[in-house]
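Novice: Sharing a structure below in structure tokens format, with a few things to ask.
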Amino acid sequence: MRTRPYPLLLTVAAACLLSACATQMSMKSPDDASALSLNSTSPATESGDTVTTRDHADRIKTSELLEGLPLSDIARAQAVAKRVYVRRWHKVAKRSRYVRSRIQTVFKRMHAPDALQLLPIVESGYNPYAFSSAGAMGLWQLMPGTARYLGMKRSEDINSRRNVVRSTENALQYLQALKKQFHYWPLALAAYHCGPANVARRLRHRPWKPSDGLRRLPAPTITRLYVKQIIGLVSLYQSRSIVFPHPIATRQITLQGPVDLHLLSKAAGLSRTELFRFNPGLNHSLYLHGRFTLHVPEASADDLLAMMDNAVPKHIHIRIHRGDSLWTLARKYGTSVHYLRTINRHHLGKYLHPGRTLLVPARRFARAAPPPNPLLSRGRRILYKVRHGDNLWNIARKFGTTTKAIARANSLHDASSLHPGDRLWILAQL
């Protein structure tokens, strides 16, 4: 991003970035209740005061995203947004409380328009665990190729596309570059959805300015609907017809492994999944080596730090290798065969199977297989449509699985038999 000109970045990213708007997402709803008000009849302030039509129009014009658009277009977009999202507000509100505090901090630092906070509603429903069948992930639904080009590094411990701060920084960087290229926010939003090369090509044939209206936006039909939904949400937000709940204040703390986050949550009186709702970028629930950071509720931060001694794991999972036996593993981890059978009694069969995991005393970490973040959509079955340029290797990499697993699940004996338009069942491991 820093070493290449924006036009090249946008051309490359165009091939990689797809939105979640056209695909179905798997949504997980947080447990804590919160409030997001939607007034379906007239705009209202947070204090409940009625807003006049003139006040409404004045507030609409305060957003950069709506500048120059006909008010009739904004009114129609608002109606579309109400129709599509009115039933989803409660879930969106609850999810937003876990992440918006950090998002607002990034917005202020990057001087981004406040109304862009509405975009994750359309992209992911404010679910940082949202994962599309095309491979897009996170609040901002970044594709793997786009993330790599924007400098988001892959790690076994942390997923940058799910990380609240990193994904927001990179999404805003990309959106601001699109705004710089296309000058108007509706065009930038369209390019974020269908790719800047697509929008640039259409603009050469049909120039556009906001006063032309959203119906003439040079973009595919589904992209115009995507932009219209965002514009409608921005209008509702500017008029205070929708009000986000106050985000939960968080504090960043640094921990030194080994730390079992389930034990830490239990010791501090938190639910089993709460830490993972604040920290969706975590890949594991057990961190054995080095230092890592957590964002935790401000009200619970001191309790969590005080309970660190209770978060040291007593047992770990290890991956079983060929040639392993209970006797050799008991000797290696300083315990007895009887003890291994006792702590694994619910899933230990007559034989050990290579590739599976076994619970052992937490004395040596070299072969540890940390359990996953409990909110990850591991093992989600997806029907994937093969595209031009696809092969088993890049499809497997996109969904965190292997070529053998895809071939086995679809009875493929020859990888060369893969053709655009074919559909594959994939057990995603992201």
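The values are calculated or read from the model by the stated rules, or taken from the named source; none is laboratory data. The model shown is predicted, which means the values in this text are computed figures rather than measured ones. FYI the Cβ positions are ideal-geometry reconstructions off the backbone, even for glycines, and counts take in every protein chain you see.
Novice: Is it fair to say ILE230 is modelled with pLDDT under 95 and β-branched (Val, Ile, Thr)?
Specialist: Taking the combined requirement at face value, the residue does not satisfy it.
Novice: Would you be able to say whether some residue in segment 123-135 is touching a Ser or Thr at 6+ places or on another chain (Cβ under 8 Å), outside any loop (DSSP other than H, G, I, E, B) and surrounded by 24 or more Cβ atoms within 10 Å (Cβ to Cβ)?
Specialist: Yes.
Novice: Quick one: would you say HIS262 is under 28 Å from the mean Cα position of the chain (by Cα), within 23 Å of ASN373 (Cβ to Cβ) and at pLDDT below 90?
Specialist: So HIS262 does not fit the description; no.
Novice: Here is a follow-up. Would you pick out the residues in segment 86-113 that are in contact with an Asp or Glu (Cβ under 9 Å, 6 or more places away or on another chain) and more than 20 Å from ARG251 (Cα to Cα)?
Specialist: The answer is MET110, PRO113.
Novice: Any chance you could count how many residues in segment 390-401 are modelled with pLDDT of 80 or more and surrounded by fewer than 16 Cβ atoms within 10 Å (Cβ to Cβ)?
Specialist: 3
Novice: Another question, then. Please state which of the following conditions ASN283 fails to meet, knowing it meets all the rest: (1) in the same structural domain as ALA93 (by TED's automatic domain parsing); (2) under 21 Å from ALA136 (Cα atoms); (3) in contact (Cβ under 8 Å) with a residue 60 or more places away in the chain; (4) among the polar types (S, T, N, Q).
Specialist: ASN283 satisfies all of (1) in the same structural domain as ALA93 (by TED's automatic domain parsing); (2) under 21 Å from ALA136 (Cα atoms); (3) in contact (Cβ under 8 Å) with a residue 60 or more places away in the chain; (4) among the polar types (S, T, N, Q) except (1).
Novice: Within segment 163-208, take every residue that is among the hydroxyl-bearing types (Ser, Thr, Tyr) and crowded, with 23+ Cβ neighbours inside 10 Å and give me the one that is farthest from ILE121 (Cα to Cα).
Specialist: So the residue we want is TYR174.
Novice: For GLN104, indicate whether it is over 22 Å from TYR226 (Cα atoms) and assigned to a helix (DSSP H, G or I).
Specialist: yes
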